[in-house]
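**Student:** Attaching a single structure in structure tokens format; questions to follow.
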Amino acid sequence: MSKRTKITAIVIVIAAAAIIAAGATLAYFTADGGTKTNTFSTGSVTVELREPTWDGYNFGDPHVSDGQSAASNDPSLGFNQAQKYGPGDVISKDPQVKNTDKVVAWVAIKVNYSLNGGPLTYSDFQSKLLTNNGLDFDLSNWTLLKDEGTKGQLYLYKTKLEKDQTTGKLFTKVPIAFGGLELIDGKLPTFAIDAQGFGVQAENITPEKAQEELINLAFN
């Protein structure tokens, strides 16, 4: 085991929430998709990402698959709003992360954007689809740690999380522009906003090193 692995002791929980085609799903660092904890001499970290206003699932709810929501007939859920969205709609979506392990952790959320299956930078995504204000990022509690263009943006939560603590919401709504939307065969574009949650232990590691590890996890 490398020294770096001993220091960081990380388990990632990933949630993908595609605006048009998919609901939030959970997949773990291990290949079988089950809940696993990699145990090291310094402990372990597990985090969970959920988007309750998107699909109706809360922390601790069972694993869900793409394209599912907790209440398919609830018009307030972003998952249902997104199926037949139109100009000027505001779609509910609220990615947030919970530390589900005993180890204090720094956490981050990576966000990717795509239009008709093609990845976009946030700036291009906003100009092509969203209102001028774009996503309502909570920059009082989150900071943009890294912007890798079409590979996504990584936002760091400014406060370390104790066991069972949850971050605030990174953003809460997806505001669709009123006009200027490019039609494909007479239809509005299919688009996606995918969120992934990452965690790194906060003990025995400097904040700078933790940020470096989060960037490595998100983009490497």
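Read-outs: derived from the displayed coordinates by stated rules, not from any lab. Model, not experiment: these values are computed from the prediction. We place every Cβ from the backbone using ideal geometry, glycine too, and count neighbours over all the protein chains shown.
**Student:** Only Cα pairs under 8 Å and at least 6 apart count here; give the relative contact order of region 40-181 as a rounded whole percent.
**Tutor:** 30 percent
**Student:** Would you pull out the residues with amide H under 5 Å of Asp101's amide H, same chain only if 5 or more places away, H placed 1.01 Å from N?
**Tutor:** Sorted by chain and number, the residues that satisfy this are Thr46, Asp164.
**Student:** In nm, to one decimal, how far is the Asn58 label point from the Asn132 one, both placed 7 Å along Cα→Cβ?
**Tutor:** 3.9 nm
**Student:** What FRET efficiency do you get for Thr206 and Asp89 if R0 is 30 Å and r is their Cβ-Cβ distance, rounded to the nearest 0.05?
**Tutor:** So, using R0 = 30 Å, E works out to roughly 0.10.
**Student:** If you average the sequence gap of Cα pairs under 8 Å that are 6 or more apart and divide by the length of region 111-160, what percent do you get for the contact order?
**Tutor:** Dividing the mean separation by the residue count of region 111-160 yields 38 percent.
**Student:** Report ³J(HN,Hα) in whole Hz for each residue of region 137-151, in order, from the Karplus equation J = 6.51 cos²θ - 1.76 cosθ + 1.60 where θ = phi - 60°; Gly and Pro get x.
**Tutor:** 4, 8, 7, 7, 10, 10, 10, 6, 7, 7, 10, 9, x, 6, 8
**Student:** Grab the Cα-Cα distance for Lys151 and Leu188, subtract it from 0.36 nm times how many residues apart they are, and report the gain in nm with one decimal.
**Tutor:** Using 0.36 nm per residue and subtracting the Cα-Cα distance, I get 11.0 nm.
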